[in-house]
1. Provide the per-residue ³J(HN,Hα) series for segment 130-144, in order, calculated from phi with Karplus coefficients 6.51, -1.76, 1.60 and θ = phi - 60°, each as a whole number of Hz, with x at glycine and proline positions.
2. Each label point is 7 Å from the Cα along the Cα-to-Cβ direction; what then is the distance between the points at R55 and E67, in nm?
3. Tell me, what ³J(HN,Hα) does each residue in segment 85-98 have, in order and in whole Hz, if you take phi through Karplus 6.51 cos²θ - 1.76 cosθ + 1.60 with θ = phi - 60° and put x for Gly and Pro?
4. Between V84 and S109, how many nm apart are label points set 7 Å from Cα along the C-beta direction?
5. Return the long-range amide H neighbours of H42 (sequence gap of 5 or more, or a different chain), with a cut-off of under 5 Å between placed amide H atoms.
6. Hey, if you put +1 on the Cβ of every Lys and Arg and -1 on every Asp and Glu Cβ in segment 30-187, which of V71, P100, V84 ends up farthest toward the positive end of that dipole?
7. For q = 0.19, 0.21 Å⁻¹, what log10 I(q)/I(0) does segment 79-184 give under the Debye formula with an equal point scatterer on each alpha carbon and no solvent?
8. For segment 77-166, run through the chymotrypsin sites (Phe, Trp or Tyr not before Pro) and keep only the ones in DSSP coil with at most 12 other Cβ atoms within 10 Å of their Cβ.
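Every read-out reported here was derived from the displayed coordinates using simple, explicitly stated rules and does not represent laboratory data. None of these values were measured; they are calculated from a predicted model. Neighbour counts run over all protein chains shown; Cβ positions are idealised from the backbone, glycine included.
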Amino acid sequence: MAIAILTRGTEQKLKTTGNYMIILPARIYLTALAELWRITYHQADRKLVLVELPRQSLVIMGAPLTERAVVDLLKKWIKLKAQVFLKAYFQKLNKKVNSPYKKLNIIASNIEWGYCSPKGVISLNYKLIFLPRTLVRHLIIHELCHVRYLNHSRRFWHEVKKYDKSWKKNDTLLYEGNRYIPNWIIY
């Protein structure tokens, strides 16, 4: 099977023999980190791998070079980047909030950005890495405050306001957060 990679804008198309077109990202912008990663693809007779190179460059090479396999590999890489960033940023913010949370989980969800259980376990969506840092900060503060107030009472919002003066604006913007998530990641 012959494969040619066509690059246009933010995506690359792998054209196979026949009429089927596979669309893959040519770059990924991790907004919370302010990092733009460029991606190149190489078909090879080996297991599919992702190699991180200097200057925010990724190479995906191997087989099968299918849309599903590439997206799965990119998601794994993004989850690892998100884990490192979110855990460190969470700890930094909790030094200010001083919340007695029990555990932090980084999760994959298409429904929630974050969640605090009644037992003080906080879960953060790895896709937060695509959002502006101000919104990530707001969400983490929001969940840390839920450890003390597991509701949206006046006392809860007063606590959030101590650490996020623009909480109303940020809360509204967070509802529009999906616009920062690339379409291919939902695949």
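1. 8, 8, x, 4, 4, 6, 5, 4, 4, 5, 5, 4, 3, 5, 4
2. Between R55 and E67, the label points sit 3.1 nm apart.
3. 5, 5, 5, 5, 5, 4, 4, 4, 5, 5, 5, 7, 6, 6
4. A separation of 2.5 nm, rounded to one decimal place.
5. Counting only residues 5 or more places away or on other chains, the set is I60, M61, G62.
6. P100
7. Those come out to -0.94, -1.16, one per q.
8. Details: sites: W77, F85, Y89, F90, Y101, W113, Y115, Y126, F130, Y149, F156, W157, Y163; in loops: Y101, W113, Y149.
Qualifying residues, ordered by number: none.
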